[in-house]
1. So, in nm, how far is label PHE77 from label SER24 when the simple model puts each one 7 Å beyond its Cα toward the Cβ?
2. Counting only complete DSSP H runs, which helices of the chain cover 30 Å or more along their long axis at the Cα atoms and score a mean Kyte-Doolittle of 1.0 or above?
3. What is the distance in Å between the Cα centres of segment 83-98 and segment 5-36?
4. Computed from the coordinates I sent, Cα Rg over 2.2 N^0.38 Å equals one of (i) 1.09; (ii) 1.15; (iii) 2.18. Tell me the label.
5. Could you pull out the chymotrypsin sites (Phe, Trp or Tyr not before Pro) across segment 22-98 that fall in loop regions by DSSP (anything but H, G, I, E, B) with no more than 13 other Cβ atoms inside 10 Å?
6. Please give the length that would be gained between ALA47 and ILE69 if that part of the chain were fully extended, namely 0.36 nm times their separation in residues minus their C-alpha to C-alpha distance (nm, one decimal).
7. Take the solvent-accessible surface of the protein heavy atoms, probe 1.4 Å, and return the percent of it on the chain that carbon and sulfur atoms account for.
8. For the chain, which longest stretch is free of loop sites, where a loop site is one of the GluC sites (Glu not before Pro) that DSSP puts outside H, G, I, E and B and that has at most 13 other Cβ atoms within 10 Å?
Amino acid sequence: WESDRRTPKWIVKARADAKRRRDSVLESRKDKKLKHVVISERYDKKASKYTAESIPFPFKKKEDYERSIRTPMGNDFNSEKVHRDMVRPEVLTTAGVR
């Protein structure tokens with residue numbers, strides 16, 4: 001395929017068009033400078049329910065909120081007492097009593 005004289009003109013034209021389209025699409029991608037990375041730019045409906053639209057109340061900055069989420073809360077990562085303290089509700093009430 002090194003010689004264009006052997007290939008039909010429509011194949012040569014189709015290859016040139018495909019290369020031009022590919023180059024134009026690659027210029028607009030977020031991962032154009034990253035060699036072995038492909039960033040998906042699709043909207044993920046399943047992941048959207050886990051994203052916060054605004055910062056929850058006690059946090060002032062987005063970084064503080066993300067840092068609190070990154071901290072593992074499970075008893076695999078923390079001692080039994082620390083895990084209980086982290087998941088215990090602020091106010092304890094007895095059922096049926098005001």
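The values are calculated or read from the model by the stated rules, or taken from the named source; none is laboratory data. Predicted, not measured: the structure shown is a model, and the values here were computed from it. Note: ideal-geometry Cβ built from the backbone for every residue, glycine included; neighbour counts use all protein chains shown. For accessibility, only protein heavy atoms count, side chains too; no ligands or nucleic acids. Shrake-Rupley method; radii C 1.70, N 1.55, O 1.52, S 1.80 Å.
1. Result for the modelled spin labels: 4.6 nm.
2. Answer set is empty.
3. 62 Å
4. (iii)
5. TYR43, TYR50, PHE77
6. 6.4 nm
7. 54 percent
8. The segment 3-40 is the longest one with no such site.
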